[in-house]
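Remarks on the structure that follows.
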Amino acid sequence: MPISHRKPAAPSDDKRWKIVETRMRRHGDRPQALIEALHAAQEAFGYLDSDALEFVGDTLGVPHSRVYGVATFYSFFTLKPQGEHTCVVCTGTACYINGAKEILGGLERRLHVRPKETTADGKVSVLTARCLGACSLAPAVIVDGDVQGKVDAGELVAQLEAM
Ligand code: FES
């Protein structure tokens, strides 16, 4: 049976996406090709950002939470921006109304870091995701590969400050 999820359009008309798409197709555009596809994207662009992660996930039918989880867990993947630790904050609707705004506000106030930035000491990078596919856990974040749900902004900031 062919996989029936709809394939997304590449994030831009940059030719390198064609290389990534070809590599994914060669592996049948299946979830099992996730690591291979992330390697392909990293080879093509030198790093992985939110656009690349979500495009790969949507093409292969892998939930964003898993894509971000894998990409932030394995040290052979280079995220952009690249701090020692990575915190992905979901800003999808469910998370946004349940506290993502407070989380981002707390990170900016206490760690002086905004999405797509890294703290001045190079410790923590912040990325955002459109929806991690874990809406019942809103607000959700992923810290170094670990999905955390029903996050308290103050506790998260304290956890990241201690890193
Ligand atoms: S909106 Fe955050 S997990 Fe879906």
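Out of all the residues in the range 60-69, is one or more aromatic (F, W, Y) and away from the ligand (no atom under 16 Å from the Cβ)? Spell out how you get there, then give the answer.
First pass over the range 60-69, keeping only residues aromatic (F, W, Y): 68.
Among the residues that remain, those that are also away from the ligand (no atom under 16 Å from the Cβ) are: none.
No, the conditions are met nowhere in the range 60-69.
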Filter result for the condition that a residue is farther than 20 Å from R130 by Cα and open to solvent by 70 Å² or more (accessible area, probe 1.4 Å), over D29, D13: D13
When the range 149-163 is checked residue by residue, the ones that are open to solvent by less than 50 Å² (accessible area, probe 1.4 Å) and more than 15 Å from R109 (Cα to Cα) are G149, V151
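With D58, D49 as the choices, which residue is over 20 Å from S125 (Cα atoms), within 15 Å of the chain's Cα centre (by Cα) and open to solvent by 10 Å² or more (accessible area, probe 1.4 Å)?
On the way: D49 fails: over 20 Å from S125 (Cα atoms).
Criteria check complete, one pass: D58.
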Note on the range 116-145: residues more than 8 Å from the ligand (Cβ to nearest atom) and buried (at least 18 other Cβ atoms within 10 Å of the Cβ) are T118, T119, V124, S125, V126, L127, T128, V141, I142, V143
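Take the conditions at pLDDT 95 or above, in the same structural domain as G145 (by TED's automatic domain parsing) and farther than 21 Å from T119 by Cα and apply them to T59. Does it pass?
No.
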Test: residue in the range 22-42 that is modelled with pLDDT under 95 and closer than 30 Å to A162 by Cβ: yes
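The values are calculated or read from the model by the stated rules, or taken from the named source; none is laboratory data. Since the structure is predicted, the reported quantities are computational estimates derived from the model, not experimental observations. Positions of Cβ are generated from backbone atoms using ideal geometry, with glycine treated the same way; all protein chains shown enter the neighbour counts. Please note that ligands, DNA and RNA were not included when accessible areas were found on the heavy atoms of the full protein model with its side chains. Shrake-Rupley method; radii C 1.70, N 1.55, O 1.52, S 1.80 Å.
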